[in-house]
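The values are calculated or read from the model by the stated rules, or taken from the named source; none is laboratory data. Bear in mind that the values here come from a model prediction, so they are computed numbers and not experimental data. Because the Cβ atoms are built from the backbone with ideal geometry, glycine has one as well, and the counts that use them run over all protein chains shown.
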Amino acid sequence: MMMNVQSRSIRIRSTTRVGHNKRLDSSDDQPVVKCARLSISTTTTTTTTTDATAAGDARQQQQQIAVLGTTPPPGSSSPPPPGGASRSPVSAAAGSVPVGGSHHHQGPSRIGPFLLLPLADRDGVHSAFNTDTGDELVCKVFDMGVYQEKIRAYGTLPPHDNVAPVRDIVLGERRAYVFRDKEHGDLHGLVKGCRRLDEAHARTLFRQVAGAVDHCHHHGLVLGDLKLRKFVFADEKRSHVRLESLEDCRVLEDPRSDAVSDTHGCPAYVSPEVLSGSAPYSGKMADMWSLGVMLYTMLVGRYPFHDPDPAALFSKIRRGQCCLPEGLSPGAKCLLHSLLRKEPGERLTAGQLLAHPWFRRALPPPQPLSQEAASGGEQEVGAADQAVPSFEVEDDDDLFC
């Protein structure tokens with residue numbers, strides 16, 4: 001069977017035997033990259049990365065970069081240019097198709113009709129080329145034991161223009177290969193390149209982000225771990241935003257209750273109630289806090305809560321007080337104040353967010369940010385988030401967002 005998620009129905013093609021076509025070897029498949037899974041403790045966190053030495057060194061250098069627009073240090077990895085990675089398997093297809101025996105292998109591999117090329121900066125993610133149709137896609141690889149849970153939400157959520165659908169699933173003996181549309185960068189990369197967005201541009205993109213979250217909340221999904229990197233562009237012009245995937249979301253068993261206790265998330269986007277350890281908490285309201293962090297970062301070019309000392313960072317988040325630059329319009333300030341509220345019950349819901357006047361009418365252009373606000377001072381945004389000192393972090397998890 002072949003899975004093509006054009007609607008809520010799912011079809012899957014199993015390729016337990018692929019004839020002479022070669023599949024990715026199990027040693028090629030790495031755990032899905034995500035932020036550290038956190039468990040409450042009173043000890044200081046010791047951060048450990050499990051990447052290869054070169055990648056680890058690059059991330060340690062990137063951790064020192066504060067401003068999103070800063071050029072990475074020499075030797076650090078950077079995302080491939082739009083369309084570049086996904087075309088690589090095509091040029092390699094003329095020769096033999098090797099099966100990679102190491103995750104450092106850069107040659108293409110084959111699974112069913114797809115040629116796969118690992119993306120250097122995203123473990124377990126491959127650029128994919130369908131040799132039957134010529135489609136360029138992105139493939140994420142899961143262990144067979146977890147992939148059904150990872151795609152469960154797609155069976156409950158109706159299609160939405162701002163949620164990336166699953167296009168195909170190919171099942172091997174030990175791995176499931178989930179294919180999605182080709183991406184053209186993400187919001188984090190856009191803000192990093194622009195340093196910050198003007199309000200008109202941010203409004204156009206953030207409206208799509210809010211629409212995706214509202215659609216998920218309305219149909220009983222709590223997203224969790226919301227951040228700029230989770231929203232990708234579906235077009236080369238980078239005007240159409242989509243939620244990258246639903247693999248980290250939680251399907252609510254009781255639509256009337258969104259109480260969750262999971263502490264999975266990126267520190268820069270985590271809400272005060274998650275840090276307090278007072279579980280359970282409202283998953284939807286935690287999502288709304290993360291949306292506030294996203295909008296602030298888009299408009300200002302730095303996270304609302306940042307400090308070189310991790311303990312001080314989380315103290316600021318727990319207090320829930322951040323400074324809004326004078327250059328922002330009154331509507332933007334009002335919206336941010338309505339999302340970044342310490343008390344979850346005082347935050348806007350996703351539906352209320354979309355009804356905010358900042359979205360509904362044209363506003364006068366904001367005044368330029370002050371030099372201090374634009375530079376970010378001590379609260380500049382880094383390419384890597386800080387680790388949470390009040391939680392224990394599993395050694396084999398990626399600490400960076």
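Please find, within segment 172-182, the residue that is nearest to residue 134 (Cα to Cα) out of those that are surrounded by fewer than 20 Cβ atoms within 10 Å (Cβ to Cβ) and out of contact with any helix residue (DSSP H, G or I) (no Cβ under 7 Å at 6 or more places or on another chain).
181
Go through segment 269-284 residue by residue and tally those that are aliphatic (A, V, I, L, M) and buried (at least 24 other Cβ atoms within 10 Å of the Cβ).
In the first step, residues of segment 269-284 are kept if they are aliphatic (A, V, I, L, M); the result is 270, 274-275, 279.
Cutting the leftovers down to buried (at least 24 other Cβ atoms within 10 Å of the Cβ) gives us 270, 274.
Qualifying residue count for the region: 2.
Name every residue in segment 180-207 that is within 16 Å of residue 296 (Cα to Cα) and under 16 Å from the mean Cα position of the chain (by Cα), in order of residue number.
187, 188, 189, 190, 191, 192, 205, 206
Select the helices (runs of 4 or more DSSP H) contained entirely in segment 269-341, then report the ones holding at least 2 residues which are of a type in the set (A, V, I, L, M, F, W, C), under 26 Å from residue 217 (Cα atoms) and modelled with pLDDT of 95 or more. Lay out the reasoning, then the answer.
Numbers: elements: 272-276, 283-300, 310-319, 330-339.
Counting at least 2 such residues, we get 283-300, 330-339.
From the residues in segment 209-229 that are under 15 Å from the mean Cα position of the chain (by Cα) and not in a loop (DSSP other than H, G, I, E, B), which one is nearest to residue 152 (Cα to Cα)?
Step one: filter segment 209-229 for residues under 15 Å from the mean Cα position of the chain (by Cα), giving 209-210, 212-213, 222-229.
Next, only the ones that are not in a loop (DSSP other than H, G, I, E, B) stay: 209-210, 212-213, 222, 228-229.
On the way: 209: 21, 210: 22, 212: 17, 213: 17, 222: 13, 228: 23, 229: 22 Å.
Here the answer is 222.
Working only within segment 202-230, note down all residues that are more than 19 Å from residue 188 (Cβ to Cβ) and among the hydrophobic types (A, V, I, L, M, F, W, C).
Those that are more than 19 Å from residue 188 (Cβ to Cβ) and among the hydrophobic types (A, V, I, L, M, F, W, C): 216, 221, 222.
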